[in-house]
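Please read the structure below before turning to the comments.
Rule-based calculations on the coordinates, nothing more; no lab input. Since the model is a prediction, treat every value here as computed from it, not as a measurement. Here the Cβ positions follow ideal geometry from the backbone for every residue, glycine too, while neighbour counts run over all protein chains shown.
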Amino acid sequence: MNVLGIDIGGSGIKGAPVDTEAGRLAEERLRIPTPQPSKPDDVAHVVSSIVEHFHWSGPVGVTFPGVVVDGVVRSAANVARSWIGVDAAALFGGATVLNDADAAGMAEMTFGEGRGRRGTVLVLTFGTGIGSALFTDGTLVRNTELGHLELHGKDAEHRASDRARQEHDLSWEHWAERVQQYLEHVEMLFSPSLIVIGGGASKKADRFLPHITLDTPVVPAALQNEAGIIGAALAAAS
Ligand code: BGC
């Protein structure tokens, strides 16, 4: 089945038809810069231009970088506050809408590093924020928001996201120390059997993962850039 997947990120909104059985993009993806500020109507306009670009009339799945319950946005840490309370599913013309990290996690559990893994698996995305997807025996526990755990008196994503690395001009090694502290905290809370690192930073996993030492195996995501688009499509297909 082909489903249009759209991934709303801090800097770009990306979409492509996805072959949901193969876990692959069926056409080349389209990327449009995220409007700044990223207000609901402006983002909806970009989403509908992606739908039009692919002449799409079938099911559509869309990711959102905040808590989404039954299609309604409940938090907006890195996008305009006016999103809170918006029925995004209705705004996007009846699309299936879910948290971005949950979508990336679903893709990774179906086609990537989490495939067939039982027990507790955490997919953590390091990008503009820190996103989390928690799976227990393959079942997703939605909207876990572990990027907002407190670390040294601060919101963890303000210390250890990829944006924090760039904004504070941290070396990979220095940033890895922060990620290490964060992961130790998460490990203590959940005793996972596997941690998968996704998001923008996963492309540079070789720069920081060698500095991370945990009891839990930590691996880079297999799907990287496309996980959000594929996961959005999977959510709309199920
Ligand atoms: C948001 C999460 C989101 C993550 C990654 C956090 O700031 O609260 O919902 O998954 O950023 O975009």
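The distance separating the Cα centre of segment 185-226 from that of segment 22-90 comes to 26 Å. Relative to the longest principal axis of the Cα atoms of the chain, the long axis of helix 100-111 lies at roughly 80 degrees. Over segment 8-108, the Kirkwood radius and the radius of gyration, each from Cα atoms, give a ratio Rg/Rh of 0.93. Summarising the strand pairing of the chain, around 65 percent of its internal DSSP beta bridges are antiparallel. Rounded to the nearest 10 degrees, the angle from helix 172-190 to the longest Cα principal axis of the chain is 90 degrees. Available extension along the chain between Gln36 and Leu189 is 51.5 nm, counting 0.36 nm per residue and deducting the alpha carbon span. Counting charges near Gly199 (Lys, Arg +1; Asp, Glu -1) among other residues having Cβ under 12 Å from its Cβ returns a value of -1. Report the charge-dipole magnitude of segment 116-225 in Debye, nearest 20, computed about the Cα centre from +1 at each Lys and Arg Cβ and -1 at each Asp and Glu Cβ. The dipole of segment 116-225 has a size of about 320 debye.
Couplings 3J(HN,Hα) for segment 209-223, derived from phi with the Karplus relation 6.51 cos²θ - 1.76 cosθ + 1.60 (θ = phi - 60°), are 4, x, 8, 9, 10, 9, 6, 6, x, 10, 10, x, 4, 7, 8 Hz, where x marks Gly and Pro.
What number do you get for the chain when its Cα radius of gyration is normalised by 2.2 N^0.38 Å, N = residues? Ratio of Rg to 2.2 N^0.38 Å for the chain: 0.95. Farthest towards the positive end of the charge dipole of segment 116-225, among the residues Leu223, Ser191, Trp175, is the Cα of Leu223, using unit charges on the Cβ of Lys, Arg, Asp and Glu. May I have the pair-distance distribution P(r) for segment 116-225, computed from all Cα-Cα distances with 5 Å bins from 0 and rounded to whole percent? That works out to 2, 13, 25, 28, 20, 9, 3, 1, in percent per bin. Taking the DSSP bridge list for segment 116-225 and keeping only pairs wholly inside it, about 60 percent are antiparallel. With neighbours defined as other Cβ atoms within 10 Å of a residue's Cβ, the residues Trp83, Trp56 order from fewest to most as Trp56, Trp83.
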